[in-house]
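Following: one structure in C-alpha cells, then a few remarks.
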C-alpha cells in the first residue's frame, strides 16, 4: 500500500470536515442550509391551509373531551370562559361584566352555582339591568350562596346557559375562519409547536394547529376581535356527577339574566 504524502492527507482532512459537520447535525438541519421547521412534527405544516384546517376540525370532532378557556364576545355581551367539556356534559365557570357563576351539566340536567351577590343583584324584571337587593332578596341570596340551583328546562336562561356546556355546539360555532385561507407563521401554544392558518389574512380569524401528535386546534382568535380561546387537554377525561341534595336548593322563580 502506497502512503499518501502529508500534503494530500491534510487536503483530504480539510475537505471531509464540512461533510462531517453536516452529518452530525442531520437530526435538526436539512443540510447545512438552515433549520427544518417540520423536523419531528406530524407533517401538517407542509399542507395547504385548507387541508390543515380540515385536519384540525376532524381531530376536534373525533375528540371526547377538551378544556376551553378564554374570552368570547357576542351580541349578548362579553364572557370569560373556563370550561371542561365532553359529549355528556361539562363543568366550569363563566364570568360576565357583573358576575361570575359556575355551570355543571350532566346529561340534560343543568345546574348553576353562584355567590350571594349574583342572586341579590339579579335582573328580576327581565329588563336586562341589575336591580338593588331588597330584604327579601338578600335573605334568599344568603340561602343560595355557593349552592347549586337546578335550571328548569323551560326557564328562559336554560338554552343560553346550556350552550356554554355543549362541546360540539361550541366547537362548531367558534372554530370557523372567514375569507381566503393562508398559512401563517410557526408558533407555540402551551409549549406545543403550532402552525397558523389565517382567514382573510387574519381579519377573518386565526387558528393555531398543533404540529405535535394529532393536529388539534390549540388557539383560536375569532374574526373582528370577538375573543381569543385556547383549547387544551384534548381527550383527557374527567368526572361528571350531579350534586347531592345537600348541595342543591330550589330557586323557586325565573333565574336572573346573565347578559353583560
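With the condition kept exactly as written, say whether any residue in the stretch 217-233 is in a loop (DSSP other than H, G, I, E, B), under 25 Å from residue 91 (Cα atoms) and at pLDDT 95 or above. Yes - at least one qualifying residue is present in the stretch 217-233.
When the stretch 91-113 is filtered for residues that are part of a loop (DSSP other than H, G, I, E, B) and surrounded by 17 or more Cβ atoms within 10 Å (Cβ to Cβ), the ones remaining, listed by number, are 96, 98, 99.
Would you check if there is a residue in the stretch 72-81 being in contact with a helix residue (DSSP H, G or I) (Cβ under 6 Å, 6 or more places away or on another chain) and either outside the structural domain of residue 165 (by TED's automatic domain parsing) or surrounded by fewer than 14 Cβ atoms within 10 Å (Cβ to Cβ) (or both)? For the stretch 72-81, residues in contact with a helix residue (DSSP H, G or I) (Cβ under 6 Å, 6 or more places away or on another chain) and either outside the structural domain of residue 165 (by TED's automatic domain parsing) or surrounded by fewer than 14 Cβ atoms within 10 Å (Cβ to Cβ) (or both): absent. Residue count for the stretch 146-160 satisfying the condition of being out of contact with any helix residue (DSSP H, G or I) (no Cβ under 6 Å at 6 or more places or on another chain), touching a residue at least 12 places away in the same chain (Cβ under 8 Å) and over 26 Å from residue 57 (Cβ atoms): 9.
Could you grab me the full set of residues in the stretch 207-222 that are more than 15 Å from residue 51 (Cα to Cα) and buried (at least 18 other Cβ atoms within 10 Å of the Cβ)? Outline the logic, then answer.
Of the residues in the stretch 207-222, the ones more than 15 Å from residue 51 (Cα to Cα) are 212-213, 218-222.
218, 219, 220, 221, 222, listed by residue number.
The values are calculated or read from the model by the stated rules, or taken from the named source; none is laboratory data. Predicted, not measured: the structure shown is a model, and the values here were computed from it. Because the Cβ atoms are built from the backbone with ideal geometry, glycine has one as well, and the counts that use them run over all protein chains shown.
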